[in-house]
1. Could you list, in sequence order, all residues of the stretch 222-236 that are part of a helix (DSSP H, G or I), of a type outside the set (A, V, I, L, M) and either under 14 Å from Val204 (Cβ atoms) or within 36 Å of the chain's Cα centre (by Cα) (or both)?
2. Counting just the residues of the stretch 320-343 that are in a helix (DSSP H, G or I) and of a type in the set (S, T, N, Q), which one comes out nearest to Asn375 (Cα to Cα)?
3. Can you pull out every residue in the stretch 382-394 that is hydrophobic (A, V, I, L, M, F, W, C), out of contact with any Asp or Glu (no Cβ under 7 Å at 6 or more places or on another chain) and modelled with pLDDT of 75 or more?
4. Six or more apart or on different chains, Cβ under 8 Å: which pairs go from a residue in the stretch 206-222 that's open to solvent by 50 Å² or more (accessible area, probe 1.4 Å) to one that's of a type in the set (Lys, Arg)? Could you list them?
5. Please go through the stretch 302-331 and give me each residue that is touching a strand residue (DSSP E or B) at 6+ places or on another chain (Cβ under 7 Å), farther than 18 Å from Arg415 by Cα and modelled with pLDDT under 85, ordered by number.
6. Looking at the stretch 356-375 only, could you name the residues that are open to solvent by less than 20 Å² (accessible area, probe 1.4 Å) and either at positive phi or assigned to a helix (DSSP H, G or I) (or both)?
7. Being open to solvent by 50 Å² or more (accessible area, probe 1.4 Å) and either within 32 Å of the chain's Cα centre (by Cα) or of a type outside the set (Ser, Thr, Tyr) (or both) narrows it down to one of Val109, Val86, so name that one.
8. If you take the residues of the stretch 151-185 that are free of Cβ contacts under 8 Å to residues at least 24 places away in the same chain and closer than 21 Å to Ala223 by Cα, which of them is surrounded by the most Cβ atoms within 10 Å (Cβ to Cβ)?
Amino acid sequence: MSTLRASHTRVNRGDDGEGRVLIEFRLLGQIEVWRDGGRVEVGGPKQRAVLSALLVRAGRVVSLDQLIDDLWPGVPPARAAATVQVFVSNLRRALEPDRPRGAPPSLLVTSTPGYVLHAEPGAIDAHEFVRLAGQGRLALDDEDHELAADLLARAEALWRGAALADVVDAPFAQAEAARLEELRLACAEDRVDAELALGRHAAVVPELEQRLAEHPMRERPRAQLMLALYRSGRQADALAVYAEGRRVLSEELGLEPGAPLRELQRAVLCHDPDLAWEPPTPMIRETVAPAAPTPAEPGDEPGRVLVVDDSGINRRLLVTALTELGHQVRVAEHGRRALEMLRDDDYDVVLLDLLMPVLDGYSTLSAIKADSRLNHLPVIMVSAVHELESMVRCIDLGATDYLPKPFSAAVLRARLRSSLAAKRLRDVERDYLRRVDEVVAGGPAGLVDEAGRDDVVGRLARRLRQMSREVTTREAALRAEIAALRAEVDQVRAAAPSDRRPAGAREPCS
């Protein structure tokens, strides 16, 4: 089986949700489809080309005319449309062999003016490769070299050969294969950067020598090989690699090496101390709690915290601060991933960044509060946007608090204590309601004796009335705070209407 993540396309065999199957689509090599661990026969070259054309545009409608052009870029045969329709019908039977006659397909569906193939990104190896390579690049930018090397190696491991190998003659496949191959080379070069930062100089030399033999014009792997050789005590070999690159560029293109490569050659010649390797600063792992957390203050009680932020640096800073306070911390890189984690596990509070490229804080907060399983969770919005309008909007959407960056550990501790206390009070409230239901129903916690049941219900009802008053008081205070914030926003608007800028706007350059 492949290393694709678990979110493959799922197809139900019945309305009860039982008997689900997993389908994987593989483009990084010959075209393959796997269903419940078994390989699916998807037909001859033209039929495979139809499947490939739909997969590279997964989730989008591909017109019948486009599919005809993909298969016959010159003059199509007279019955081209009917032939494509037959291919689609065959593919439907192959992908969903258990679909009852007359039942609509769920994977490859008709959508005017053509067809659309529905597949989760994790079910297509090319999509999964791009995702892992992108995450690896972000980790590299954040100087988390261990994580970067792992993610980028996992991305490379998905490849089984040249992309779309058995349909590469089709023009659409040529363009897509070229795009994926360029991403593959960039991914490998990113991984080597991570390996070099980790001190694995000698280990990457053979790989880089082979890559340069295949791509002699690429200057980045040439520079990586020079650095790896130099750090391995092979200065002369590093200079020879530069000389060979200069010769190739001159003979093939009439060009000199680029400025970065020339500067590296100069640094190698003069033994520039900046080329020496130094062990990287140990990264704080986001899932590992420190050995000795800061002693808790009175009223503190550790909880399970989900940190949601697209910046690796910000995630590490928050994880460090939270684990030092004794909390268990998990992280999500964007809102969509956060919702998946919240639905799969239990948390006490969410720290949610406001501005993210994938499902921003506003949208994520709205989704949390719209989900009956999650809406009891306190959400603290964390943002560098110091605008009252953003604060009001977040509170309106149901945020418990709004934490502007930068903030101190003391402020973070106080905000968390308040939110956790509110959440635990709400948990007690929900537990009391559950117990009342059980007592009234005579269930697992119920009482058979009517007098005893009335007594318990009476005591629970009194406690619920007390808690209801507390909740009402909290909500009244929150409404007053929102009203005050709105009034302040209105005053700012009235005082300087021409100075308003969108959230995150910068001052013009002088």
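1. First pass over the stretch 222-236, keeping only residues part of a helix (DSSP H, G or I): 222-231, 235-236.
Those still in the list that are of a type outside the set (A, V, I, L, M) too: 222, 224, 230-231, 235.
Residues satisfying the conditions are Arg222, Gln224, Tyr230, Arg231.
2. Step one: of the stretch 320-343, the residues in a helix (DSSP H, G or I) are 320-324, 335-343.
Filter once more, so that each one left must be of a type in the set (S, T, N, Q): 320, 323.
Details: Thr320: 27, Thr323: 25 Å.
Among them, the one singled out is Thr323.
3. Just the residues of the stretch 382-394 that are hydrophobic (A, V, I, L, M, F, W, C), to begin with: 382, 384-385, 388, 391-392, 394.
Pick out the ones that are also out of contact with any Asp or Glu (no Cβ under 7 Å at 6 or more places or on another chain) and you get 384-385, 391-392, 394.
Once the filter is applied, which keeps residues that are hydrophobic (A, V, I, L, M, F, W, C), out of contact with any Asp or Glu (no Cβ under 7 Å at 6 or more places or on another chain) and modelled with pLDDT of 75 or more, the stretch 382-394 yields Met391, Val392, Cys394.
4. Listed by first residue and then by second, the contacts come to Arg218/Arg211.
5. Asp310
6. Gly361, Thr364, Leu365, Ile368
7. Details: Val109 fails: open to solvent by 50 Å² or more (accessible area, probe 1.4 Å).
Selected residue: Val86, the only one of Val109, Val86 that is open to solvent by 50 Å² or more (accessible area, probe 1.4 Å) and either within 32 Å of the chain's Cα centre (by Cα) or of a type outside the set (Ser, Thr, Tyr) (or both).
8. From the stretch 151-185, those free of Cβ contacts under 8 Å to residues at least 24 places away in the same chain are 151, 168-169, 174-175, 177-179, 181-182; that's our starting set.
After this cut, where a residue has to be closer than 21 Å to Ala223 by Cα as well, the list is 181-182.
Values: Glu181: 14, Glu182: 10.
The selected residue is Glu181.
The values are calculated or read from the model by the stated rules, or taken from the named source; none is laboratory data. Since we're looking at a predicted model, the values are computed, not measured. We place every Cβ from the backbone using ideal geometry, glycine too, and count neighbours over all the protein chains shown. What goes into the accessible areas is simple: the full protein's heavy atoms, side chains included, and nothing from ligands, DNA or RNA. Shrake-Rupley method; radii C 1.70, N 1.55, O 1.52, S 1.80 Å.
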